[in-house]
Structures are given as structure tokens and as C-alpha cells.
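Report on the following structure.
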Amino acid sequence: MDEALQRVNGAQLTQLMFPNFDVTAERELIASGVAASPGAAAGRIVFDSHVAEEWASRGDEVILVRRETTPEDLKGMVAANGILTTRGGKTSHAAVVARGMGKTCVCGAEDLELDMDAKRVVTPGGTELSEGDVISIDGTSGEVFLGSVPVQDSPVVQYFEGKVRADHDPLVHAVHRLITHADQRRRLLVRANADTPEDSLRARRFGAQGIGLCRTEHMFLGDRRQLVENLILADSGDDRQAALDALRPLQKGDYLEILESMDGLPVIVRLLDPPLHEFLPDFTELEVEWALAKAKGARLEDDRAHVFEAVHKMHEQNPMLGLRGVRLGLVIEGLYEMQISALLEAAAELTKAGKHPRPEVMIPLTATVQEFEIMHDRADQVLAEVQEKYGVTLDVPIGTMIEVPRAALTAGEIGAEAEFFSFGTNDLTQLTFGFSRDDAGSFLPTYVNQRILASEPFQTIDVDGVGELIRIAFERGRATRPSLKVGICGEHGGDPRSIAFCHETGLDYVSCSPFRVPVARLA
């Protein structure tokens, strides 16, 4: 079996983990993009998330086609068979979310001419497709085909989901034996990136040993987005507190379900991280609304004028480098305390019910030890209050996400205060190279083809640059706190070559999307 482990690699297992097209079927290639999330899917084109939900609810199979997706598109992405975008790369929003759901996705199909207003897309060959027309997408190759290509399901995934027994299929039986033996040989733990109870349970079925990244921003969508907008735009302490009070029970309910589904296993919860513009009305649309009103000699209603002024004041030229991560927790009073309180109260209630929750709190985007010290002190205060209120003792590690080069270089100072490090390799790669992870897909293939780079750095860790920062942070953090737990939770956590680097460096765990857990276990 040891020899078998050397002969079978993660890429080969990946091919078995996702649905694929019938190789004997005819197909007409109409476009190509970035292979963002493996698998094969066919369905009717829809251009809006609410349409995807509506059509899927009546039994239609749909492909959601967008320029790029945002958190607001999540429900449509869940409803769709697959996602196709004309912008973005392997670490764009569409790609990351699709991989987390095991959903087929092709990004960056720039040759497609998309007209969202007319609800149509024109292929490079001049074929015009309207909403309702059928296409097929291959997330493994990045190809887009006209019409419906027959799709074959993966028996290996059905096995991991508990739908078929290992001894019912020779291929599945072989995978079972291989993965089981890999578990006995490996040192690295494998956790999952999961944000919902459904993803958490799926991660357990696929063999995850906990959650390495629970992104709380995905809990603030839909009807809750208005509450977050109210919080951000609050004019007074009372308004801010009202928004926090409305959000607290919703957050607590989320955490209760996730902690219970992962009972006995660690769950790292990352406090709110994304840039503000994802939770505010679109600034350009507000400008257009204001300009139209002015042209007509009218004025915006008082409430809209207030929103416009507030959004204009908070508008950022580069939101990814703006008010996000720990900066949000420092600027918006009570935000992180509310999230921590909701998490710890959920853990306390489960503890009193005889469960074994293991929450861990992660402060995102730390750049200085001073930022972390302030948030750690606030978390300790909340912990003391919750323990007194419920009469329980909770062991809750407080750590940080290392995704800023400065944090890696000053990891000795931060490690003296933090109980764990988790490398956010997507942002760390972006900030180290100066590449936008949403836009670099347009030129990175050229860099690889011309051998400027050995591989795309958002897919496989750049060992010489990003990897060196990881080594520095690991060594300096462990030097000041020998018990420091260290792992990665970027998308590299499911890439076999990146996993090999993590093993060689001495990290404790990798964390990846649930559907990539078996590949990580083998790697």
C-alpha cells in the first residue's frame, strides 16, 4: 500500500471526485476560460441569482452566467448546476465559493461578450445566446460547449457522502483502501473551510478533522445584509447597538448549528473580514441616481440622500486594502465583541447540554501586534462574561490569520500573544506579488507559458517568495511560543504540491473546501 500511495497522486483522485462529460458524446466548443472548480454541468443560461433560484425551484437545471459574482449571488450559486463568469481567476469570489460547494465553475471567459441588460451573451464565433438557451461547462478544462453534453456522476463522491458502500464498486473500494492507508501514514491534519451546517456535515463525511476556516461574512447575506448596512451607516450609538442586538441572535443560531455538527472537533471562526463595499449599496448606482435627480431638477428623498452621503464618505478606491479585517473590529465599536459573544454563548449552551464544542476565534488581517493585543483583550473580557453568565469553563484559543507580509515578518511579536496562526495564502500571495487575485487570470497564463513563473501562484504556493514568508513566520512564531498551532486555510490547502510544502515546513494542518478533503488526505 505504501507503494500505491507513491503511484497515485492528488490530481488523479481529483479527476475521480467530480462529475464529467461522456467522452463519446459530440460537443461544440464555443469559448474557454479558467478551470476554476472541477466537474461538468449542463443547464439553461440565467443571468440573475433570483432567476436561478426561481427556475431551479421548478425543476430546471441552470447555469448562472455573470461578469463576476458577489456575496449577494450566493443563493443563485447554490441553486445553479454551474457558474460561468467572464472575469476573475482561480481565487475570485465565484471560484472560491464554487469549490467550497463542490460546484462546477469556469471563470475569466473573456472572449464571451456579455450584455446583462439585454440578457444575452455572444460567443467569439458570433453565436448569440439568450436566457433559457442551454450550454455545458467543464470546470476541469475551462471549456464551454453549446447545448447539453451528457454528464456522468462520480461514484467516489457518492461513497464519501454515504450513498454507496465501498464494496459495491471496485474503483470505490480501491479509493477507500488508499485513503484509509494514507490516513495511517500522514502527519498533517486535514480540516475544512465550511460556513454552514450542511458544509460542516459534508466535511465530516469526507474525513475532515475540524473546520480550519468558517467565514462569517457568508452569514450576513440576504435579509441580514440590511442589518449590516444599518450597523455600518449608524449615526448614533443607539442605532449601532440596535443593529448589533438584531444580529446577535442570528449569529448565535448559526454557531449553534455549526458547532453541533462538528461536535468534538475544532472550529476556527474568522471574524468579519470583507471590504465594506460588499455590504453597502453600489456607489456607482447611487451616483447615477443622484445625477438623474439633479438633471430633472429634483432631489433625492431624505433617506436616500443620507445613504448617498454616507456611502460617498466611506467609498474606497481600493477596498481590498481598505477598511476590512481587524480594522473593522477596531473602527466599528461592538462588532467583533458581538460575534465573539454569540459564538461563546452558543458553545456554553452546547456544553451545558452535554456536547463538546471546540470553538477557536481568528482575528483576520492582523498587521501589527498592537491590533491583535487590543482584540485579544476584548475577546478575553467577553469570555469571562459568558463563563460567569452560564457557569461553565470554556477553552477558546484566540489566534490570527497571517495574510499581510508585515505580519509574517513580525510573527515573533504576534506569536507571543496569539495561540495559533492560520496563513490566508490567497491574500498573502496577492499582497506579496502585488497581483490582484480577481484580475491576474488575464496575464498569469502568459507568465507560466514564458516560464517567468513555474506555476500560477494562486493555485500552487510560490515557495521562493510566499513560501519564504510562511517559513519566517512559522519559525519566529514558534520561537516565542513553542506550543503555537500553525496551518493554512487558503485555497492552497487543497493543492497537493502546496500540501507537500506545508508538510516539509512543519505546519500542523491544512484546511480546504470539503470536496477537496479526500485529495488533501491522500496528498
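The table that follows gives values for the structure above.
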read-out	value
Average projection area in nm² (convex hull over Cα atoms of the range 374-523, one quarter of hull surface)	10.7 nm²
Per-peptide average of other Cβ atoms within 10 Å, ordering 503-512, 174-183 highest first	503-512, 174-183
Order by protection proxy (mean Cβ within 10 Å, highest first), peptides 390-398, 437-445	437-445, 390-398
FRET E, pair R406, Q317, Förster distance 25 Å, beta-carbon r, rounded to 0.05	0.75
Qualifying lysines (Cα of each under 17 Å from Cα of K90; at least 8 residues distant if same chain)	K103
Along principal axes, Cα extents of the range 72-121, largest first, whole Å	30, 21, 17
Cα pair distances exceeding 37 angstrom across the chain, given as percent	31 percent
Fraction of alpha-carbon pairs over 15 Å apart in the range 102-158 - percent	58 percent
Accessible area (Å², per residue) of the chain, counting only protein heavy atoms and a probe of 1.4 Å	43 Å²
Contour excess over end-to-end distance, with Cα ends at M116 and S442 and 0.36 nm allotted per residue	115.2 nm
Three principal axis lengths of the range 307-392 [C-alpha, angstrom, descending]	49, 32, 18
Over the range 39-154: Kirkwood hydrodynamic radius from C-alpha pairwise inverse distances, Å	13.6 Å
Gyration tensor over alpha-carbon atoms, the range 311-456, equivalent ellipsoid semi-axes in Å	35, 18, 15
Value of relative contact order over the chain, rounded to a whole percent, pairs C-alpha under 8 Å and six or more apart	16 percent
The range 212-265 - Rg (one decimal) and Dmax (whole number), Cα, Å	13.2, 42
Theoretical ellipticity at 222 nm over the chain - DSSP helices of four or more residues, -39500 (n - 2.57) apiece, nearest 500	-13000 deg cm²/dmol
Scattering profile of the range 325-372 at q = 0.15 Å⁻¹ [log10 I(q)/I(0), Debye over alpha-carbon scatterers]	-0.49
Within the accessible area of the chain (1.4 Å probe), percent carbon and sulfur	47 percent
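The values are calculated or read from the model by the stated rules, or taken from the named source; none is laboratory data. Source: prediction; values computed, not measured. Glycine also receives a Cβ, built like all others from the backbone with ideal geometry; neighbour counts cover every protein chain displayed. To get the accessible areas, we keep the full protein, side chains included, count just its heavy atoms, and leave off ligands, DNA and RNA. Shrake-Rupley method; radii C 1.70, N 1.55, O 1.52, S 1.80 Å.
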